[in-house]
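What follows is a short report on a single structure.
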Amino acid sequence: MMNLKGNPELSQSNLMRPLLNYGIACMSMGFLVEETAPVVWRGLMVMSAIEKLLRQVDWGQLDYLVVDMPPGTGDVQLSVSQNIPIAGAVIVSTPQDIALMDAHKGAEMFRKVHVPVLGLVQNMSVFQCPKCKHKTHIFGADGAKRLARTLDLDVLGDIPLHLNIREASDTGQPIVFSQPESDEAKAYLQIAAEVVRRLPPPLQ
């Protein structure tokens with residue numbers, strides 16, 4: 001999505017330098033393994049990888065550090081929650097019932113380990129036909145909103161199922177960069193603003 005490939009360089013202090021694009025520093029296990037190699041790790045291997053990405057990277061001065069985690073309540077989520085102070089978690093889900101079940105479990109897990117849940121994001125919320133503009137809720141309507149009410153949380157915003165988002169992602173250009181005035185970009189910007197509003201101010 002960020003149009004980044006390659007291996008990170010090492011600093012003089014032997015820390016990895018994150019790859020940089022669009023003014024955002026990024027680090028991923030994908031930069032450290034062969035491009036087509038699967039990363040099938042559990043337990044201690046996962047914890048070691050997380051430790052490497054967090055503490056052996058020359059992050060420099062950051063406003064925010066965003067950790068993109070897979071869905072579920074497994075080793076990755078528990079390791080991150082237990083090893084670093086987290087200002088807040090954002091739960092992302094499509095409106096499908098089966099996806100919302102995972103989202104519900106994820107929110108409850110973060111609460112159990114005392115991580116504030118900032119709210120829910122409903123992804124692929126609606127599809128609008130580019131020709132006739134008819135809107136279709138392919139994955140169901142307002143599922144995340146119902147879950148948010150159950151959990152006493154806010155919905156931070158909706159991301160539509162849109163061709164522009166897919167195309168921009170495939171070319172490695174975030175929609176907020178390639179089409180900043182589009183409704184799709186505004187949906188992301190609104191969610192970012194809602195997340196920042198709920199976070200404590202960054203340390204100076």
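Of all residues in the range 62-86 being without any contact (Cβ under 8 Å) to a residue 24 or more places away in the chain and closer than 26 Å to Ile24 by Cα, which is least open to solvent (accessible area, probe 1.4 Å)? Among those residues, the one meeting the criterion is Met69.
Here Leu153 meets each of (1) surrounded by fewer than 15 Cβ atoms within 10 Å (Cβ to Cβ); (2) in a loop (DSSP other than H, G, I, E, B); (3) modelled with pLDDT of 90 or more with one exception, condition (1). Considering each residue of the range 166-178 in turn, none proves to be hydrophobic (A, V, I, L, M, F, W, C), open to solvent by less than 70 Å² (accessible area, probe 1.4 Å) and farther than 24 Å from Leu20 by Cα. Looking across the range 179-191, the residues that are among the hydrophobic types (A, V, I, L, M, F, W, C) and either open to solvent by 50 Å² or more (accessible area, probe 1.4 Å) or in contact with a strand residue (DSSP E or B) (Cβ under 8 Å, 6 or more places away or on another chain) (or both) come down to Ala187, Leu189, Ile191.
For the range 129-145, does any single residue satisfy the condition of being at pLDDT 90 or above and farther than 28 Å from Leu78 by Cβ? If you could, list the steps in order and put the result at the bottom.
Keep residues of the range 129-145 that are at pLDDT 90 or above, which gives none.
No - not one qualifying residue is present in the range 129-145.
In the range 87-97, the residue that is nearest to Leu161 (Cα to Cα) out of those that are surrounded by fewer than 19 Cβ atoms within 10 Å (Cβ to Cβ) and modelled with pLDDT under 90 is Gln96. Across the range 156-200, what is the total count of residues that are more than 28 Å from Pro116 (Cβ to Cβ), assigned to a loop (DSSP other than H, G, I, E, B) and touching a residue at least 24 places away in the same chain (Cβ under 8 Å)? Count: 4.
The values are calculated or read from the model by the stated rules, or taken from the named source; none is laboratory data. In this text, all values refer to a predicted model and were calculated from it rather than measured experimentally. No Cβ is skipped: glycine too gets one built from the backbone with ideal geometry, and neighbour counts run over all protein chains shown. Side chains included, ligands, DNA and RNA excluded: accessible areas come from the protein's heavy atoms. Shrake-Rupley method; radii C 1.70, N 1.55, O 1.52, S 1.80 Å.
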